[in-house]
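All remarks here apply to the structure that follows.
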């Protein structure tokens, strides 16, 4: 299965994140101004849990002595060495041509209250109440 339910709407506040494990991979899911993005929770530099780092923005300048704050909440900074990555694309800001973190597509879909089937199913049987006793019907299997 390629789609996995990771949160309900509102569970990850704007500017927040949730780290989940999917098929043995640690993945950070971020809410950036109401849009959701996901990154592999591993810095390509030294393997730190990237998605636990500071969520920040960029400081830029159009002329000397002027500093502007831009893209607030769109950058995650590695907690070990400060390498910065774009949450939306996974690209680094120090070497965008060569270094990036794997991004994953995230969608918001209806029926998030649906229960996702696990990899295993237990055998179940029909149960009835008859004459004030509980009866398990071994012939009335619900699933295998």
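The values are calculated or read from the model by the stated rules, or taken from the named source; none is laboratory data. Fair warning: this is a prediction, and the values are worked out from it, not measured in the lab. Positions of Cβ are generated from backbone atoms using ideal geometry, with glycine treated the same way; all protein chains shown enter the neighbour counts.
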- Scope segment 1-58; condition within 25 Å of residue 98 (Cβ to Cβ), outside any strand (DSSP E or B), touching a residue at least 24 places away in the same chain (Cβ under 8 Å) and over 10 Å from the mean Cα position of the chain (by Cα); matching residues: 42, 43, 44, 45, 46, 48, 49, 50, 52, 53
- Message: Just the residues that are in contact with a strand residue (DSSP E or B) (Cβ under 9 Å, 6 or more places away or on another chain) and over 17 Å from residue 32 (Cα atoms), please, taken from segment 71-81.
- Response: 78, 79
- Message: When you check residue 73 against the structure, is it in contact (Cβ under 8 Å) with a residue 12 or more places away in the chain, touching a helix residue (DSSP H, G or I) at 6+ places or on another chain (Cβ under 6 Å), part of a strand (DSSP E or B) and surrounded by 13 or more Cβ atoms within 10 Å (Cβ to Cβ), yes or no?
- Response: no
- Task: Please specify each residue of segment 23-54 satisfying the condition of being surrounded by 15 or more Cβ atoms within 10 Å (Cβ to Cβ) and farther than 18 Å from residue 78 by Cβ.
- Result: 31, 36
- Message: farther than 17 Å from residue 13 by Cα, at pLDDT 90 or above and out of contact with any helix residue (DSSP H, G or I) (no Cβ under 6 Å at 6 or more places or on another chain): is that true of residue 81 in this structure?
- Response: yes
